[in-house]
1. For M181, work out the one condition from (1) open to solvent by less than 30 Å² (accessible area, probe 1.4 Å); (2) of a type in the set (A, V, I, L, M); (3) touching a Leu at 6+ places or on another chain (Cβ under 7 Å) it doesn't fulfil.
2. In segment 256-270, which residue that is of a type in the set (D, E) and within 21 Å of the chain's Cα centre (by Cα) is least open to solvent (accessible area, probe 1.4 Å)?
3. Among the residues of segment 159-179, write down those that are more than 16 Å from the chain's Cα centre (by Cα) and within 28 Å of T134 (Cα to Cα).
4. Between E270, E233, E260, which is charged (D, E, K, R) and touching a His at 6+ places or on another chain (Cβ under 8 Å)?
5. Return a yes/no flag: does segment 115-123 have any residue that is within 12 Å of the ligand (Cβ to nearest atom) and under 15 Å from the mean Cα position of the chain (by Cα).
6. Which of the residues that make up segment 99-156 are open to solvent by 10 Å² or more (accessible area, probe 1.4 Å) and of a type in the set (S, T, Y)?
7. Would a scan of segment 204-227 turn up a residue that is open to solvent by 30 Å² or more (accessible area, probe 1.4 Å), over 24 Å from S85 (Cα atoms), small (G, A, S) and at pLDDT 95 or above?
Amino acid sequence: MSENKVILTVACTGAWPQKSDTPWIPLTPREQADDIVRCWEAGASIAHIHVRDDNHQASMNVDPFAETVRRVRDRCDIVINLTTSGGLGLDDEIRMKPFQQLRPEMASFDAGTMNWAHSTVFENSPRFLEKLATSMRACQVKPEFEIFDAGMIYNVLYYMKKGLIQGPPHFQYVLGAPGGMTAKVRNLMFLLETCKHHLGDNFTWSALGIGRGHLPIMFAALALDGHVRVGMEDNIFYRKGELAQSNTWFVNRVKRAAAEMDKAVATPEETRAMLGLTRQSPVSA
Ligand code: ZN
């Protein structure tokens, strides 16, 4: 039955797009919450959240996360997944604070260091990953292992073996980031086969293609009984030359594609059951 349920993550904002790239991107907590609620109404299962500072730059300040999460939680039951990587070069502790205080059901876990966009380093040091795994476990926040290339899978396997990660891992294959694996279906197949080889059926997975690789990866993930992520964090164009005017456009497209394949998008409650998530309340600082 569960292969007929598709967990649909919407990543509405991300760290990079600006209003000058697309006027439709939600940036403030209020804009983001409104957008996330609309996506939930359209059927999205999970909201992956980044926030921006007053100058619209990526930030890991707790306040805008807290406001966004509060506004979303007041209005809907979508599963909340907070980033741990908004803004490059930040201290380990700053990157962990939002999930430690706000206790989302999930948070992203970038499973290795990589060159980023041929310009800088996206640092996820062994020291940080050990702290992150330990803290997420203590906080009962499920990691979403973002896999930008195959070596990152082996980092996750290593931490599982060490006992820092427990329970079936959930992977998000991120394809098409400059510096990572390209958004080709053969790369998705390779990552999936690698996980199956080591873990059998004891994992769950989702995939996304950045930019022009968005559609091939989305359709391939559906065909392979995986889950999908869409949204302006990854892709601001609905089709070539046409900006999406709302993240709901992407959500609705997944819903239609899934229906054509006799699948349905998972509700937040179904998602919680499928991923073994724990609902919690924020803790005071
Ligand atoms: Zn993200």
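The values are calculated or read from the model by the stated rules, or taken from the named source; none is laboratory data. What you are looking at is a predicted structure, and each value in this text was computed from that prediction instead of being measured. Cβ: placed from backbone, ideal geometry, glycine included. Neighbour counts: every protein chain shown. Heavy atoms of the whole protein, side chains included, go into the accessibility calculation; ligands, DNA and RNA do not. Shrake-Rupley method; radii C 1.70, N 1.55, O 1.52, S 1.80 Å.
1. So the condition that M181 fails would be (1).
2. It comes out as E270.
3. Step one: list which residues in segment 159-179 are more than 16 Å from the chain's Cα centre (by Cα), which gives 159-168, 178-179.
Passing the criteria: Y159, M160, K161, K162, G163, L164, I165, Q166, G167, P168, G179.
4. On inspection, the qualifying residue turns out to be E233.
5. Let us first name the residues in segment 115-123 that are within 12 Å of the ligand (Cβ to nearest atom), namely 122.
Now narrow it down to the ones that are under 15 Å from the mean Cα position of the chain (by Cα): none.
No, because not a single residue in segment 115-123 is within 12 Å of the ligand (Cβ to nearest atom) and under 15 Å from the mean Cα position of the chain (by Cα).
6. Those that are open to solvent by 10 Å² or more (accessible area, probe 1.4 Å) and of a type in the set (S, T, Y): T113, S119, T120, S125, T134, S135, Y154.
7. Yes, there is a match, as at least one residue in segment 204-227 is open to solvent by 30 Å² or more (accessible area, probe 1.4 Å), over 24 Å from S85 (Cα atoms), small (G, A, S) and at pLDDT 95 or above.
Residue by residue, here is whether (1) out of contact with any strand residue (DSSP E or B) (no Cβ under 6 Å at 6 or more places or on another chain); (2) touching a residue at least 40 places away in the same chain (Cβ under 8 Å) holds:
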position	(1), (2)
M218	no, no
L222	yes, yes
Y238	yes, no
W249	no, no
V254	no, yes
M274	yes, yes
P282	yes, yes
